[in-house]
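Undergrad: Here you go, one structure.
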Amino acid sequence: MSETTNTNKEKKPPLNGRRALPSNNSNDEENEVPEMEAFGVIPRGFNPKDYLRVVDIHMFKEPHEINKQQHHTDKYYNPKLIVRRGQPFQIQIDFNRPYKPETDQFWLEYLIGRYPQQNKGTYIPIPVGDVLKPGQWGAKITHKENNSIRLSIMSSATCVVGKFRLYVAVWTPFGILRTHRNSATDTYILFNPWCQQDAVYLDDEKEREEYVLNDVGIVFHGNINDIKLRSWSYGQFEENILDACLFLMDKAELELSGRGNPIKICRVASAVINSRDDNGVIAGSWDNTYTYGVAPSAWTGSVDILLEYYSSKQPVRYGQCWVFAGVFNTFLRCLGIPARLVTNYSSAHDNNANLQLDFFLDDEGKVDTKITKDSVWNYHCWNEAWMTRPDLPVGFGGWQVVDGTPQETSDGMYRCGPASVQAIKHGHVCFQFDAPFVYAEVNSDIVYSRRAKNGTQVIEKIDTTHIGQLIVTKEVGRDGMMEITEEYKFQEGSEEERLALETAVMYGIKKETTRDTLYQPQTDVDMDFQVQKAVLGSDFKVTVTFRNKSQNSYTATTYLSGNIVFYTGVTKNEFKKHSFSAKLEPYSSRAFDVVIKSSEYLSDLLDQASFHFFVTARINETGKILATQKATVLEIPALRIKTQGDTVAGKEMSVTVEFTNPLKQNLENVTLRLEGPGVLTTMKKEFRQIPMNSTLIWEVKCTPKRPGLRKLIASLNCDALRHVYGELNVQIQKP
C-alpha cells in the first residue's frame, strides 16, 4: 500500500497559488480514473460480480456503419469513432445479464485531458433518460435484446472539440464500478456545419461538400494581369492528420474548455501555423535560398508538412503565403470548420497602417529603394473560416479572414484574425481581430512623392485603384475561379465606398490627407504600358504608350526600370534600365517598344519568375512627372501526368510524369513530387540532370484506396526552375 501512495505523491502537480488545478491544455494527457469508487468501508461479502457488469461496448465506428455515414466522417482514415457535435450517434453495450431499469442504474462518462471538470465541459456524466433534447448532452435506450442495449447519444452543440475517453459507470450500494480504460472506445467529437445550433452551421449542402469535405483545392497565384492556378492537396482525412491537428491546439496551449469556440481556435491557430514566436508548424523564407529545407514551391499539399511537424515537433522548412494558407485550410476543414483559401491580387503590406503605400522617387523619377519601406505583393493568400460572431454586433458573422502568414504582430504575436469580411467591407474596423490590417491590404492607395529642392514633399501621383483589384477563391463544386472582390469592398468610386472609407477613418484608421503637400498632377497627358506575354527563356517587349490630349507639343524624358522581384514586391535587383526621349505632338498618341532579352534576366531570376516594371516620364515643359508600375509573370512550362491501364480501387495502377526542359541550359539536382489523396501517398524522386530540350519520364506504381473522382498533383523543383506543376483528374472505379 505504501508504495502506491508514494508514486501518487510524485505525480501531484506543482502547487500554484493562482489556481487550484493546473491548466488543462493538452488533449493528449490523461488522468487515472478509479474502476471502483467506494462510498465508504466495503463490507466483507461484497463481490462486484454480483452486480450489473459491462462485458463489451460496440461503437459502430467502421466507415460503412451508421455513425460515420450520418456524421459525414466516413472519409477519415482513422479506426476510432468520429462524430460531429449536436447530432445523435449510436453505441451498443453488452452486459453480463439482461438490464433491469427498475433496479440497475448506469451512466456514461466522457472525459478529456488531464484535469477533467464538469463546469469546464471536460468531464461529462450522461444519465440515461427518456428523451433527447436537441443540442444538449443526453442518452436514451432505443433497443433492448437479451443482455444488450442500444443507446442513442446526443452531444452538446457547443461541446469541446477533441478526443474524448469513454467510461461506463454502474451504481452499486457500496460504490461506483467503472469499465477499465479502453482506447478502442475513444471518441473524436468535431464541429458540425450540418447542425443548426452549431456556431459553424452552413445551410447549403453544396458549400458544405466543398468547404468541409473536399480534400483538394486550388491556389490562384501569378499576378493580376496573368492569373495562374495550381492544385493543392489538403488531405484532411489522411492517416494521423486529425491527431496532428489536435496536437496543434495542444502546442498553442489552448485551454481545453475553450476548444468548443471556433473564434478562439482560429485565433490561436493563426499564430501556431507559422514558426515565429512559438516554434509553430512552418518556417517562412522569402529570400530564395532554401538550404536544409524544401523550397516553398515544391510542396504539393499539407499532409507531409503536418505529419513531419507532428513527429519532429520542430518547424518545417520552408513556406510562403500559399503554404501557410494551404496548411491552415487543412486544419480548419479537418476539425469541421468550413474554410476556403482566398487570393488577393496586388495586396498591400502597409508598414505603418496609414492606408497608403509610400513610394519615394529621386530627382530622375526612379523609385528610391533605400527609403521606400512599403511593398505591394503580386498576390497574397489567406483563409476565410465560416462561423457566427456572438462577440460582435448582429450581422458580422459568416466568413472571417484568418491569416497564418507572419506579416505583422497582433497582441504581441504573429497572427491575424478572425476579422469579419462584412465589417471590412463596411469600414467597421473597430471590431476584433485585426480588421484594420486586412482593410489596408485590400484598400490602400499608392502615393508617389518626390522631395523637391526646397525640401517640400511633392506628390507626383496618387493611384487609388491598384491595390486589392481582384479577390478570388475556387468555385464551389468546380475547378474554376470565383471572384469575391465585392464581398470585401464596394464598387471603386461609388458613394458606398466613400462612406465605408469615412467609417474606417472614424474608427481610427490613419488616413493621411494630402492637403499639406503640393499635388497638381499633369492631367492632359496619359501614359500607360503593356508587357508582352512570354514563356520563360524567351525575349519579349514592353510597349509604352503616350496620349497627348492638349494643343501643346511636349517632350517626355522617359525612364523604364525592370526589376526582378519576390512575389511580395520586394526588389532583388534591377536588370534593365532604359531611357528615351518621347516627342508628343498635340492631340495624338505614340507607342515606344523596349525589348527585354532573355540573357538580361535569366541569370538572376527568382523562383516565381516575376518582374516588376516602373515607368516614369518627366514632361520637360512643365517639370511634372507621370508614373506607373506593373508586375508581370513569365509562362512556366507544365508537367504532364498520365495513367496506364485500369484505375480500380484496390488494384495496382501505373502513373507517369513527363517534363521537357525549355531552358537554354541543363537543369541540375531536380526533385519531382507526386501525390493524390486516396490514391497514393507522396512519392519523391531526385534526378541529377535534365539536359536542355530533353524530356524526363518518371513511372510510379500505386494502389488506389478509395473509389470516386480523385486528383493527382505533381511538382518539379530545382534552383533554376521552380513553380512547375501538373495535375490530372482520375476516376477510380469500384472493384
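The values are calculated or read from the model by the stated rules, or taken from the named source; none is laboratory data. Treat the numbers as computed from the prediction; the structure is a model and nothing was measured. Cβ sites come from the backbone with ideal geometry, for glycine too, and all protein chains shown count toward neighbours. With ligands, DNA and RNA removed, areas are computed over all heavy atoms of the protein, side chains included. Shrake-Rupley method; radii C 1.70, N 1.55, O 1.52, S 1.80 Å.
Undergrad: In Å², and per residue, what accessible area does segment 36-164 have when probed at 1.4 Å with the other protein chains present?
TA: Spelled out: the 1.4 Å probe surface of segment 36-164, per residue, equals 50 Å².
Undergrad: Going highest first, how would you order 107-116, 49-58, 661-670, 465-474 by mean Cβ packing within 10 Å?
TA: For the peptides 107-116, 49-58, 661-670, 465-474, the packing ranking is 107-116, 465-474, 661-670, 49-58.
Undergrad: Over all directions, average the projected area of the Cα convex hull of segment 676-726 and note it in nm².
TA: 4.4 nm²
Undergrad: Binning at 5 angstrom from zero up to the longest distance, how are the C-alpha pair distances of segment 37-128 distributed in percent?
TA: 3, 10, 14, 16, 19, 18, 11, 5, 3, 2, 0
Undergrad: Going by Cα centres, segment 192-225 and segment 646-692 are how many Å apart?
TA: Segment 192-225 and segment 646-692 have Cα centres separated by 30 Å.
Undergrad: Only helical DSSP H runs with n ≥ 4 go in: add -39500 (n - 2.57) per run for the chain, normalise by residue count and round the 222 nm mean residue ellipticity to 500 deg cm²/dmol.
TA: Helix contribution divided over all residues of the chain: -4000 deg cm²/dmol.
Undergrad: For segment 447-511 and segment 245-264, what is the centre-to-centre distance using only Cα atoms, to the nearest Å?
TA: When both Cα centres are located, 35 Å separates them.
Undergrad: Principal axes first, then extents: for the Cα atoms of segment 294-426, list largest minus smallest coordinate on each axis, whole Å, largest first.
TA: Largest first, segment 294-426 extends 56, 44, 27 Å along its Cα principal axes.
Undergrad: Got a sec? Charge dipole of the chain, +1 on Cβ for Lys and Arg, -1 for Asp and Glu; which of Leu81, Gly162, Val595 is way out at the positive end?
TA: About the Cα centre, the residue reaching furthest to the positive side is Leu81.
Undergrad: Okay, moving on. Find how much the distance from Met692 to Glu475 grows on full extension, using 0.36 nm per residue of separation minus their present alpha carbon separation; answer in nm with one decimal.
TA: My answer for the length gained is 74.3 nm.
Undergrad: May I ask you to work out the translational diffusion coefficient for segment 214-507 at 4 °C, viscosity 1.567 mPa s, via Stokes-Einstein with Rh from the Kirkwood sum over Cα pairs, reported in whole µm²/s?
TA: 65 µm²/s
Undergrad: For segment 218-312, compute the orientation-averaged projected area of the C-alpha convex hull (one quarter of its surface), in nm².
TA: 7.8 nm²
Undergrad: Taking Cα atoms, how many degrees apart are the long axis of helix 321-335 and the longest axis of the chain, rounded to 10 and kept between 0 and 90?
TA: 20 degrees
Undergrad: Right, next: Placing +1 at every Lys and Arg Cβ and -1 at every Asp and Glu Cβ, with all other atoms neutral, what dipole size does the chain have around its Cα centre, in debye to the nearest 20?
TA: 1020 debye
Undergrad: While we're here: Rg and Dmax of segment 36-190, using alpha carbons, in Å: what are they?
TA: 15.8, 52
Undergrad: Related question: Can you work out the Karplus-derived ³J(HN,Hα) for every residue in segment 28-33? Use 6.51 cos²θ - 1.76 cosθ + 1.60 with θ = phi - 60°, whole Hz, and x for glycine or proline.
TA: Along segment 28-33, the couplings run 7, 7, 10, 10, 8, 10 Hz.
Undergrad: Ranked from highest to lowest mean number of other Cβ atoms within 10 Å per residue, what is the order of the peptides 260-273, 695-708?
TA: Result, highest mean first: 260-273, 695-708.
Undergrad: To continue, here is another question. Given the chain, what percent of its DSSP beta bridges are antiparallel, to the nearest 5?
TA: Taking every DSSP beta bridge with both residues in the chain, the antiparallel ones total about 90 percent.
Undergrad: Same structure again: How far apart, in nm, are two points set 7 Å out from the Cα along the Cα-to-Cβ line at Ser494 and at His58?
TA: The two pseudo-label positions are separated by 5.9 nm.
Undergrad: Determine one quarter of the surface area of the Cα convex hull of segment 593-678, which equals its mean projected area, and express it in nm² to one decimal.
TA: Quarter of the Cα hull surface area: 10.2 nm².
Undergrad: With unit charges on the beta carbons (Lys and Arg positive, Asp and Glu negative) and the dipole taken about the Cα centre of the chain, which residue among Leu332, Met506, Phe60 sits farthest to the positive side?
TA: Phe60
Undergrad: How much length, in nm to one decimal, is gained on full extension between Gln118 and Thr464, taken as 0.36 nm per residue of separation minus their Cα-Cα distance?
TA: So the extension gain works out to 119.0 nm.
Undergrad: With only Lys, Arg, Asp and Glu charged, each at its Cβ (+1 for the first two, -1 for the last two), find how big the charge dipole of segment 161-293 is about the Cα centre; round to the nearest 20 debye.
TA: Dipole of segment 161-293, to the nearest 20 debye: 500 debye.
Undergrad: Shifting gears a bit: Spelling out what I want: for every residue of segment 684-699, take phi, set θ = phi - 60°, compute 6.51 cos²θ - 1.76 cosθ + 1.60 (Karplus), and round to whole Hz; glycine and proline get x.
TA: 10, 8, 9, 10, 5, 7, 10, x, 5, 6, 9, 10, 9, 10, 10, 10
Undergrad: Oh, and also: What per residue convex hull volume, in Å³, comes out for the chain when only alpha-carbon positions are used?
TA: It comes to 194 Å³ per residue, whole-number rounded.
Undergrad: For segment 405-424 and segment 531-586, what is the separation of their C-alpha centers, rounded to whole Å?
TA: Value for the Cα centre distance between the two parts: 36 Å.
Undergrad: List every residue whose amide H lies under 5 Å from the amide H of Gly86, counting only residues 5 or more places away in sequence or on a different chain, with H placed 1.01 Å from N in the peptide plane.
TA: Ser155, Ser156, Ala157
Undergrad: Turning to a different aspect of this structure: Based on alpha-carbon positions alone, could you give the equivalent ellipsoid semi-axes of segment 427-495 from the gyration tensor, as √(5λ), descending, whole Å?
TA: 33, 16, 11
Undergrad: Relative to the compact-globule scaling 2.2 N^0.38 Å, provide the ratio for the alpha-carbon radius of gyration of segment 525-633.
TA: After normalising by residue count via 2.2 N^0.38 Å, the value is 1.14.
Undergrad: Something else now. Out of the total accessible area of the chain (probe 1.4 Å, heavy atoms of protein only), what percent is carbon and sulfur?
TA: Roughly 49 percent, rounded to a whole number.
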